[in-house]
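No lab work stands behind these numbers, since they all come straight from the coordinates. The model shown is predicted, which means the values in this text are computed figures rather than measured ones. Note that we place each Cβ from the backbone using ideal geometry, even for glycine, and neighbour counts take in every protein chain shown.
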Amino acid sequence: MPRNPMLKRIRALSDTPVGRVLRDIPIAYFHATMEGAEHIPAEGGALLVGNHAMTGLDGFVLGSLVQKETGRHVRFLGERNLFRLPVLREVLHGFGAVAGEPKKATQLLERGELVGVYPGGIDDSWKLTSTQKYQLQWGNRAGFARVAMRAKVPIIPVAAIGIDEMYDVVAREPVLGRMLFGSPRYDLPLALGALGTPIPRRVPQQYLVQEPIDTSGDPEDRADVERVRAATFHAIDSVLQAFR
């Protein structure tokens, strides 16, 4: 059971008729569908890994679809620096998100939670539409693989199609993000949605759940970790290639 009081209330609400209507709003707005939900375990820990898009709305849609199709709630791991902002931190916690720290992630998985993570983080979310559309911005990040191996849970890759059409990210501004977080990595995106507004375009979205990735092996062995990381990357990237 979740320990966060707000999260408990949200989960209780989600099982009511009103909660189901609220859950279905993002699904209806984006005409979102899911294929391969049978690959998500009915119980026990598992790590959903996917590609990410501008604003993170795709996380809300994915979480809503998973709940609708399986009845399970997803606990998403978020960019750690976002949790430094008090108001945003409370909102994220309220929806079950936690800072993306290996120890916390492992604990959730070992407790049998369904956890979601975007290894590319803001690099994936804020990528430029003109040159990086549907290209995973993971670098060599392998922490997600190591966490799943330590918790002895499967990785479930999810390739999301339609999410990079919600906005056109045309540039990154080099001032405010650096003031807030102290790094050029946080240069804020300049993004255009429907009719050039901040409203996301209503583009149909598909969430294609792939077969589980075997996470057996030694989480302290680089070769074993790289095998799991590469297998997960390939499972998603092989689907995205057709949409670039």
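Which whole-number percent gives the relative contact order of the chain, counting Cα pairs below 8 Å spaced six or more residues apart?
Computed value for the chain: 24 percent relative contact order.
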- Message: From the P(r) of the range 38-162, could you give the percentage of C-alpha pairs in the tail past 22 Å?
- Response: 32 percent
- Taking the alpha-carbon centroid of each part, what is the distance from the range 92-116 to the range 27-44 in angstrom? 19 Å
- Note on the structure: Amide H neighbours of Leu190 at under 5 Å, excluding residues fewer than 5 places away on the same chain, with H built from the backbone geometry, are Val170, Ala171, Arg172, Glu173
- Item | Beta bridges by DSSP in the chain, antiparallel share as percent, to the nearest 5 | 40 percent
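For Tyr118, Tyr207, what's the fewest-to-most ordering of other Cβ within 10 Å of each Cβ?
The fewest-first ordering by Cβ neighbours comes to Tyr207, Tyr118.
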- With springs only between Cα atoms under 10 Å apart, run a GNM on the chain and tell me which of Phe95, Phe144, Phe181 wobbles the most. Phe181
- Message: Within the chain, which is the longest segment that contains none of the GluC sites (Glu not before Pro) sitting in a DSSP loop with at most 11 other Cβ atoms within 10 Å?
- Response: 44-219
- Pop out the ³J(HN,Hα) list for the range 229-244 in order, Karplus 6.51 cos²θ - 1.76 cosθ + 1.60 with θ = phi - 60°, rounded to Hz; leave Gly and Pro as x. 4, 5, 5, 5, 4, 5, 4, 7, 4, 5, 7, 5, 3, 6, 10, 7
- Residues whose placed amide H lies under 5 Å from that of Arg75, excluding near-sequence neighbours: Leu114, Val115, Gly116
- Query: Once all Cα-Cα distances of the range 118-181 are split into 5 Å bins that start at 0, what whole-number percent is in each one?
  - Reply: 3, 14, 20, 20, 17, 13, 8, 4, 0
- Rg/Rh (Cα only; Kirkwood hydrodynamic radius) as it applies to the range 100-244: 1.00
- Message: Students often forget the sequence filter, so: which aspartates and glutamates lie under 14 Å Cα-Cα from Lys133 once same-chain residues fewer than 8 apart are removed?
- Response: Asp123, Asp124, Asp164, Glu165, Asp168, Asp237
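Provide the FRET efficiency to the nearest 0.05 for the Arg201-His39 pair, computing r from the beta carbons and using R0 = 25 Å.
0.30
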- Correct semi-axes for the chain, from √(5λ) of the alpha-carbon gyration tensor and rounded to whole Å with the largest first, are 25, 22, 19
- Message: Could you tell me which residue out of Ala242, Ala171, Tyr186 lies farthest along the dipole of the range 162-244 toward its positive end? Charges go on the beta carbon: Lys and Arg +1, Asp and Glu -1, centred on the Cα centre.
- Response: Ala171
